[in-house]
Each structure stands twice: as structure tokens, then as C-alpha cells.
4 protein chains.
Amino acid sequence: MKITDRLRRDADYIWRRIFEHPFVVELYSGILPMDKFIPYILEDYNYLIGAIRNFSIMVSRAESVDVMKELVEIVRLEAESEVKGYGEFLVSLGYSLEDAAQIEPGPMNVAYENFLLITSSFKTVAEALAAVLPCFWSYHEIAVFYQERLPSNPNQVYVDWASVYVSDEYVTLLNKLKGLVDSLGQNFDYQKLKEVFIQGSRYEYMYWDAVYNRDGWPV
Amino acid sequence: MKITDRLRRDADYIWRRIFEHPFVVELYSGILPMDKFIPYILEDYNYLIGAIRNFSIMVSRAESVDVMKELVEIVRLEAESEVKGYGEFLVSLGYSLEDAAQIEPGPMNVAYENFLLITSSFKTVAEALAAVLPCFWSYHEIAVFYQERLPSNPNQVYVDWASVYVSDEYVTLLNKLKGLVDSLGQNFDYQKLKEVFIQGSRYEYMYWDAVYNRDGWPV
Amino acid sequence: MKITDRLRRDADYIWRRIFEHPFVVELYSGILPMDKFIPYILEDYNYLIGAIRNFSIMVSRAESVDVMKELVEIVRLEAESEVKGYGEFLVSLGYSLEDAAQIEPGPMNVAYENFLLITSSFKTVAEALAAVLPCFWSYHEIAVFYQERLPSNPNQVYVDWASVYVSDEYVTLLNKLKGLVDSLGQNFDYQKLKEVFIQGSRYEYMYWDAVYNRDGWPV
Amino acid sequence: MKITDRLRRDADYIWRRIFEHPFVVELYSGILPMDKFIPYILEDYNYLIGAIRNFSIMVSRAESVDVMKELVEIVRLEAESEVKGYGEFLVSLGYSLEDAAQIEPGPMNVAYENFLLITSSFKTVAEALAAVLPCFWSYHEIAVFYQERLPSNPNQVYVDWASVYVSDEYVTLLNKLKGLVDSLGQNFDYQKLKEVFIQGSRYEYMYWDAVYNRDGWPV
């Protein structure tokens, strides 16, 4: 059994909660109010910038040059394709990257990003990748899980947004990340990988919850 | 006006909320149920260990040898006096350091600690100290604010716990931290110090709230 | 006066020593023995990989998103164009990237790289860029200084190698780096920038000396 | 066979070179000129400060709280006992800590320290300890190796200096470090430990050589 499959299985009890979260269900069925979706999308900017930082830390800590090069390619994809696609999507919604950059990220967004940065800064590249994998992977699984609902989804914004996570480009990136975890995770303490994969999965769930409830800073 | 006084003034709207938080009010008046206090105390272990990490990062990043030596002294105080006092307090409650070490810290504890570690790892020592100062300082101010209530506080555990934060040793440590922020903060962008001081103050408030509500990991 | 011009002027006493170093003089006049050039070129691999690490650290530590994006672009250039060009040059000499990867870098190469990584890890992005600038800049200045000698240089390998450092692509990269130091260096303690720029210039000189003398590990 | 014994055996070819190095031989026989010893002692300041940084980085990266506490104790020893003893020794020679602080460390001192800091920053605590162990250990072995010569050593300064490295306090510290490498090195790739132990041993040799030749910055 692949390490990533084992991680996926061990986190299944969280992922099922993610699939059933009202934000996800309502988004894919098209009934999520736009005033819940827009703040979520604008706040995503902070996550995207954090991802560039996060993968750059991994580049700097990679032991092998081959892994380093794969990570550089991911940084480039994040910094170019993802930022570009994200910016175009914002424009289609009547916003800009500048608008998004001015949004203060909420507590759960910050907590999630700091967890990822602490993991990449203080643990190994294998653990850093296992921590960030639930984000990339669960977005794809959610999109596959609800793919049949999309044709009847009345909100074209949501249909467009969801299409990204089943695109060839996205699947290629996801498989690259899974492949890295499977190769770096060999001869590595599985419990350490599991710990951060579970934690990353928890933050995915909690982040959906935070944006659904529009949790902000209480003071 | 000292930099620390300016920071204190600019965060006053948060600190007043802290003083009035039910956990604080009930603790100092003695009516806080012990089953809210015990989990809080046990979870403090993670914060204490995190503080040793945090100040060690600052030692390693200090530009001046004098500052480095002051920070080494703080690490030593945390790792010896504080851990010792904390362990003795646990014993008086029927617990041990080993019990505390086995508690999984909740989401807000982790978020707060990661904020501190990210600040010390990625920003300057001046900012790292400004981020952690609200914790040390607000505990003292709370204890002073409610000092008159202590004689009539029926719960000796709370009286003992509170006495630490007005002790000479604690005030000396607090003044050392304030002195470092005042000296390192000179010729430094005040807005950067304010940003992390506000953020640290927010986390203080939110942490009291989390322990009062006994917020755990939802998944 | 631009900050970079001031740095250049303050390091001039070292740079003149670099221009006159026998490795440089003999390379540009074409009389450098190939058995001094080949080990130098093979050892360059370690410097190139170190540069990717170094700029990735800067990406992760950049305060502004605009600076971060410029640094990501530099990482990409290093990891793709430079590695590709370097690999092709190796092939033209009868070697491969794999050969270069197997060379143990000598003491000065390691000392220089560690200085750069320590600077980017423990100081600001402004200082990290000022530390690495002498490398990029002095290679260009050397190439300009000796440009007239190239037509009569009998060693086509050296002519090809030198042409890179006056190419449009290289000058664009150099100007980008200088521009970043000039903008980030504003409102920054000039002495700190000077200290690392001088140190980087010293390592450039000492590295030419080490490869000329083929200094290896004595034990 | 203990891991530390295996490391010691695998580095023996370097350590024998250290024992026979003229700086060491002349120091222990008492004929080393004081104008070689004084610059070495003054430059040691930078190594001592670097050691505090180095062990603080390890504290911040320790996975287990027990290891963290042992490392905090080492930081404290370095920052207090060692700095104090070093300062008193300087005074006996007519110098002060302030004099030592003003000495610019030479290239080999800087290269060695940066190697240690890079190792602790980018590798595991096990590797960081294996990298710094040759310094602590070889000083003790040298002192034991030449212990018989001390009674006839005419230079009391050298006799006093050497006595530190066979003192109970020093041996306790050394054994603590060896114990940490032996315990953290279990279930760890031996080759990685060997690599940094060899590198640390090389730097020990090269540093004796640099101070014997009074190597400074050439520019």
C-alpha cells in the first residue's frame, strides 16, 4: 500500500466530514450565498502567498537536487499559473488581486498557514509535503465526488471554480506532490507523516467551517 | 513616551476586553469552576515548552552579544524556574509534569504558539519580543488590577496561582522584557512592533476565550 | 548616489585585486591552463545549487509580495536557464551535470556558500542580496573590463564562457538584483549592507585564488 | 560498538594529524611562541559566541522535551561558565572580553562557525551535535594524549589552559554530548552523522593550521 493511500485511509474520518460540510455541499449544489463565497475567495490570496513561502522553504531544505528541482517547479506554478488564474477569476467576479491583497486574513486562515510554515521550517521536507497534501488532494476529491452535480449547478461561478480541481494541470500537480510524499516517505517514520497529514486535514475542515461561519477576529 | 507605553496604549481596547473576560473575572473572584481551570493549567505546558523554543530562536538571531546574553538568561529562567514552579503547582493539584505533557494542546494554544514561533523565526528579535510581551505583561496587569479581590477569594489555588504574577521575580523578568523592546525598538519601524503586539494581545484574549469555552479540535 | 554605486566604490580596493588576479587575467588572455579551468567549472555546480537554496530562502523571508515575486523569478532563472546553460557548456567540454554533481566542493567554495546561506537565513533580504551581488556584478565587470582582449583570445572555450556575462539576459538579471538592493536598501543601515557586500567581494577574490591554487581539503 | 566510538574510529586518520600538528605539539611542550597563542585565544571569543547561537538553534529544533532541556543546560554552561572562565583567563594574560570582542575573526574561524550554524539550521539535532562533537572531544583527547608532558611544560599559561580540558566539569559536558549523539543517532542514517563528524574534524585540523600560520583575510 502506498504511503499516500495509507495516509488517505487514516484521515478518512476527517475527509468524510469535509465532503459533508455545508460550505462544500452548498457550493457544489449551487445554493451557497455569494456573500459567503466572495470573502472566502478574497481570503484565498493569503493562502496562495503563504504557499509560495512554504514551498520555497522546502526548496531551501531539500537534501537532494532532484527534489529541489521538483519543488522549484511547484513554486513557479504557484507564483505564476495559480496567481494568474486566481487573478483572472477575481476579475470575473468584479475584484482584483489588489483588492484581495488588502483583505486581512481571518484567524483560521492565519493558524493554518502558520502550521504549514512551522512544519516546513522545523521538520523535514517529507513532513512539510505531507502537511500540505490534504489541501491539494481534498480539493480534487471533493470535485470528483460532486462532479455529477455540476451540470445542474445553477451558479456558473461555482462551476468554473470547481472545474480547476479536476483539470489535467491540477491532477498533474497533485500526482507530483503525492509522488514526492511516497518517495521521501520511504524509510521514514510513518507516524510523523500521519501526524502532520491529520493536522493538515483538520485545518482543511476547520477552514471550511470558519469561512462558512465568517469567523473573524473577535477583537 | 516609551515604546512599550505606546504599545500598551494602542492595545488598550483589547486589554480592557481581557480584564473583563469571564475566565479572568471568575478566576480572580474565585468562582471559576475547577474543571475549567485544570484543563487550562495542563495545557499551559505546551505554551511553556513553546516559550523555551521561542526565546532560543531569539538567542540564535540576536545581533548583539549583550542582547544574546539577556535572552539566554530568560531561556534559563523559563527552562528551570518556570518549569520547576509549574511542576510544583501541578503536584499541589494532584497532577504531574508527565500528565501535562500528555495533553494535546487545543487549536487556539497551537495557533498562538505558532504565531510566536513564526514571528521569531521570520522577523527581527525586536518584533519577536513585542509579540510575546502581551502575554507576560497582561498577566501582571490582570493580577494588579484584581489584587484587592484576592483576600476574599475563597479558592486558595487561585490565590496561589495569582501571587506569582505580582512576585518580585516575575516583575524583574517583565521589566527585562520591556527594557529589551524599548532599546531594540529604537530606530525601528513602530508600525511593525505595533502589528505584532496587537496580534499577541488578540491571541491572549482569544486564548482566554478558548479555555473558558473549552474549545477543542472539532475533528 | 545610488546605494549600489556606493557599495561598489567602497569595495573598489578588493575589486581591483579581483581584476588583476592571475586566474582572471590568464583566462581572459587565453593562457590559463585547461586543467585549472576544468576543476573550477565542475565545482561551479555546488555554487549554482547553493544559489537556488539561497534565493529560495530570500523568497520565504521577503516582506513584500512584489519582492517575493521578483525573487521567485530569479530562482526560476537559476534553476532552469542557468542550470541548462551550465549543463550544455559542460557537455561542450566533454563532461555532464552528473560529473559535476559528483565533485566534492573545496573548502573555499563551501565557506563562500555557507556565508551566503547564513546571511539569507539570519539577516534581512536586503543584506542577503547585498552579499550575493558581488558575485553577479563582478563577473559582468570583469567581462566588460577585458572585452577587448576576447577577439585575440585563442581559447574558444574561454571566449564562449565569457560571452555569457555580457549577454542581455545576464545584464537584465544583474540590473534586477541591483534594483532590489537599491530599493530595499533605502531606510536601511548602510553599514550593514556594506559589511556583507565587502565580505561577498572578499570571498570572490579568495575563491579565484583557491581555484588558481587548486586548494583542496588538507585532510 | 557505540555510534560515537565508530565516528571516532572513522575520523582517526584526521585526529592523528591533529595530535601531531605543530601548534598542538609546541603548545603542549611549551615552546609555542606567545604571539601565536594570544591571537588564537582572542579569536576564540567568536567561536564561543557562535557556540551559544549553535546550541540555541538546536534547542529550538529539538523534537523531545528531554533533549531540549539538556541542550538548554549546555547553552547555559557556554554562556555562563565558559564565558566567565574564558574572561578570567584573558585577564590573566592582560586582556579583557572587550578586547576579544573587537578582534575580527579570520577566514577559517568564520568558515568553521558557519559550517556549524548551517548544520544546526538545516539538518537534524543529531547531525548538529555530531558536527560540533569533534571540537569538544578532540580538545579532551589532546589533553590526555599530552598529559605527561605538562609537568615539564615551562609555560604556566599553557599548563593552566590545558588543565581545563581534563577537568571533571569538562569531561561531564563531553560525556553529555557523546550521550546525546549515541541516543539520537540510533535509528539514524550513520553515513549522515559520519559526514558531519568528518567535516567537523577537518575544520578542527584546518583551524589549528590557520592559527599556526596566522592566516588572515588576504583582502
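Each value in this text was obtained by applying a stated rule to the coordinates, not by laboratory testing. Model, not experiment: these values are computed from the prediction. Backbone-built Cβ (ideal geometry, glycine too); neighbour counts: all protein chains shown.
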Practice item. Report the normalised scattering of the range B:101-219 as log10 I(q)/I(0) at q = 0.09, 0.13, 0.23 Å⁻¹, calculated by the Debye formula with identical scatterers on the alpha carbons. Key: -0.31, -0.63, -1.29
Practice item. Distance between Cα centroids, the range A:98-173 to the range C:177-202: provide it in whole Å. Key: 38 Å
**Study point:** chain D: angle of helix D:107-122 to the longest principal axis, Cα-based, in degrees nearest 10
**Key:** 20 degrees
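Let me confirm one metric for peptide C:61-67, namely the mean number of other chain beta-carbon atoms within 10 Å of its residues' beta-carbons.
Numbers: counts 7, 5, 3, 0, 8, 0, 0.
Mean partner-chain Cβ count within 10 Å for C:61-67: 3.
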Review point. Structure shown: which of A:LYS2/A:LYS69; A:LYS192/C:LYS123; B:LYS123/C:LYS192 lie over 26 Å apart, alpha-carbon to alpha-carbon?
Key: A:LYS192/C:LYS123
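Taking only the Cα atoms of the range D:3-213, how large is their convex hull per residue, in Å³? If you can, show how the numbers build up before the last one.
Working: hull volume 23.3 nm³, N = 211.
It comes to 111 Å³ per residue, whole-number rounded.
Find out how many positive minus negative residues lie around D:ALA128, taking Lys and Arg as positive, Asp and Glu as negative, among other residues whose Cβ is under 12 Å from that of D:ALA128.
For residues surrounding D:ALA128, the net value is +3.
Just tell me how shielded B:50-59 is by partners: mean number of partner chain Cβ atoms within 10 Å of each residue's Cβ, no decimals. Provide the component values of the computation, followed by the final result.
Details: counts 0, 0, 8, 7, 1, 4, 13, 7, 2, 9.
Average neighbour count from other chains, rounded to a whole number: 5.
What is the Å³ per residue value for the convex hull set by the Cα atoms of the range B:1-96?
Details: hull volume 12.8 nm³, N = 96.
Dividing the Cα hull volume of the range B:1-96 by its residues yields 134 Å³.
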Study note, to complete from the structure: Measuring from the longest principal axis of the C-alpha atoms of chain C, the long axis of helix C:168-184 (C-alpha) lies at a number of degrees, nearest 10, equal to 30 degrees
Practice item. Any chance you could list P(r) for the protein assembly as shown, counting all Cα-Cα pairs in 10 angstrom bins from zero, rounded to whole %? Key: 2, 11, 20, 23, 21, 14, 6, 2, 0, 0
